[in-house]
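Presented below is the structure to which this report refers.
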Amino acid sequence: MFNGNSISISVSDDDSDEVGKMRVRVRRKRKKPGLRIKNDLVGRIVRKLLKWWMVLLFLPAAGLLLFEASSIGRKPALVIDSQLSTAKKPSFPLEREPNSNLNRLDPTTRVIGGVRQRCLKILPPEELQHLDIPAVEEPTNLVKKVVYISQNDLPYVAGNSSLPEQHTEPSRFNMFTGYQTLDQREESFKANETAPVHCGFYSENGGFKISDEDRTYMQTCKVVVSTCAFGGGDDLYQPIGMSETSLQKVCYVAFWDEITRTTQELQGNRIGENHFIGIWRIVVVRDLPFTDQRLNGKIPKMLGHRLFPQARYSIWVDSKSQFRRDPLGVLEALLWRPNSVLAISEHGARSSVYDEAKAVVKKHKATPEEVEVQLMQYRHDGLPEDKRFNGKKALSEASVIVREHTPLSNLFMCLWFNEVVRFTSRDQLSFPYTLWRLKVLKNINIFPVCTRKDLVNSMGHIRKAKPLITSHGALV
């Protein structure tokens, strides 16, 4: 109702409640559609991962296995390719990088009974300076004299006779070795007071020619350290670790051929006017008797008593090694102290000749046919499977040989050399047999491998020796 200028509006209780409710209500924001979709997607991914996690782990592992398998399958092809490429290279490979073993003097040790000890018990330096060579003693064993069989009746060296012989069987034997028959071989193992034996230098036309000047020098040597490199093989490593006394009393002689001399001159290593390079006296040998350079190397290695007729002691060191101890100290430790006439290292891997023969064939060091001929003969003669000497391995590693030049040890070396010529050039195969056959030789010092490692720094072979073409003999 209108009354004057005022307007009255009636409000019901229901309307006031609606207004109150509107004031209290809180307005909420509505979620955006995009976020909801994103959360749903993550949830689905998580649920899928939980369901298929084993499959997802398996797939990378399977892929890795397939990759490794394919890599292994490719390796033989790479080896074959490298062998083919090597075959095309000249037989005169490039020099290796300088070896870290060179000029090392640190001792080699091993643990014995819980205590670390030096492998080579050599005298201290102050005692080495006053060490002298023992006086000559008469032979106390059965063999008093060795007679070297030759083509004529003339004596080769003082105290050794020569017997004439007619050869009947052509083989690896030649005018240097003489032509030993199987019957003569059998007789040579029978030790008597006078022992006739083939021992190289059979004929003046047999080769291994040495100049008169070098021969005169070699006849002055009483103690000698020797090595050789034929066919341009290894480098010459200067000996180290010797005393002043040894420098005055010991000869150091290295045998080369013309190929090695040329190879060394190309590297700047020239023989001086005094025939020396450093400590080594270089003896250049002409007219080598064998095509196989390994066989030529056996001459200075095994026949040192023929090359140095006045020497009482010798130490042989393979050309792959650097001799690093005092020679007189080595003689005292390995020969004089244990009362031995020959010292040589036992083999590091095997003790059986027959196992060694398998390794020789596997490594292509000799043909299966020539190894089998040697083993057939040794089996026929009764050589045991596992020959031991004084409880040690009889199978040797002959890169270092220390010995006294007695009639009996000289006979042993001649017999060993003849076995190497008759059969294979691998002297490891024939050493136990020769030791087994020459039963009277007892005082041998077969020292452990760690002693050999103390004697030399092993450098490994630098390059392959070139074969020699000669009219004196050929391999069969």
task = Any chance you could list the semi-axes, whole Å, largest first, of the equivalent ellipsoid that the Cα gyration tensor gives for the range 373-457, using √(5λ)?
result = 21, 15, 14
message = Suppose each label sits 7 Å from its Cα in the direction of the beta carbon; what would the Glu372-Glu127 distance come out to in nanometres?
response = 5.4
note = Once amide hydrogens are built 1.01 Å from N within the peptide plane, the residues lying 5 or more places from Phe389 or on another chain with amide H under 5 Å from its amide H are Ala394
query = What fraction, in whole percent, of alpha-carbon pairs in the range 177-227 exceed 16 Å separation?
reply = 62
task = Order these peptides, 105-112, 180-187, 408-415, by their mean beta-carbon neighbour count within 10 angstrom, highest first.
result = 408-415, 180-187, 105-112
message = Probe of 1.4 angstrom, ligands and nucleic acids ignored: what's the accessible area per residue over the range 233-322, in square angstrom?
response = 34
query = Using a 1.4 Å probe on the protein chains only, how many percent of the accessible area of the range 312-367 belongs to carbon and sulfur?
reply = 47
Cβ-placed point charges (K, R +1; D, E -1), dipole of the range 255-378 about Cα centre in debye, nearest 20 = 300
message = Show me the three semi-axes of the equivalent ellipsoid for the range 241-386, from the C-alpha gyration tensor (sqrt of 5 times each eigenvalue), largest first, rounded to whole Å.
response = 32, 23, 14
note = Its Cα gyration tensor gives the range 325-476 an equivalent ellipsoid whose semi-axes in whole Å, largest first, are 26, 20, 16
note = Computed ³J(HN,Hα) along the range 220-230: with the Karplus parameters 6.51/-1.76/1.60, θ = phi - 60°, integer Hz and x for glycine or proline, the list is 8, 7, 9, 10, 9, 10, 10, 8, 7, 9, 10
query = Whole-Hz Karplus ³J(HN,Hα) for the range 365-373, in order, using 6.51 cos²θ - 1.76 cosθ + 1.60 and θ = phi - 60°, x for Gly and Pro?
reply = 7, 7, 6, x, 5, 6, 5, 5, 4
query = Residue-wise, which Karplus ³J(HN,Hα) couplings in Hz belong to the range 289-296, taking 6.51 cos²θ - 1.76 cosθ + 1.60, θ = phi - 60°, and x for glycine or proline?
reply = x, 10, 6, 6, 5, 4, 6, 4
note = So, with points 7 Å from each Cα along the Cβ direction, the His380-Glu187 label distance in nm works out to 1.9
Accessible surface, per residue, of the range 345-419 when the full set of protein chains is kept, probe 1.4 Å, Å² = 41
task = Quick one: of Lys209/Lys358; Lys121/Lys365; Lys121/Lys392; Lys301/Lys358; Lys362/Lys442; Lys222/Lys298, which pairs are farther than 27 Å apart, Cα to Cα?
result = Lys209/Lys358; Lys121/Lys365; Lys362/Lys442
note = Kirkwood Rh for the range 273-328 from C-alpha pairs, in Å, is 13.4
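The values are calculated or read from the model by the stated rules, or taken from the named source; none is laboratory data. All figures in this text were calculated on a predicted structure; none of them were measured in a lab. FYI the Cβ positions are ideal-geometry reconstructions off the backbone, even for glycines, and counts take in every protein chain you see. Heads up: the accessible areas ignore ligands, DNA and RNA and are worked out on the full protein's heavy atoms, side chains in. Shrake-Rupley method; radii C 1.70, N 1.55, O 1.52, S 1.80 Å.
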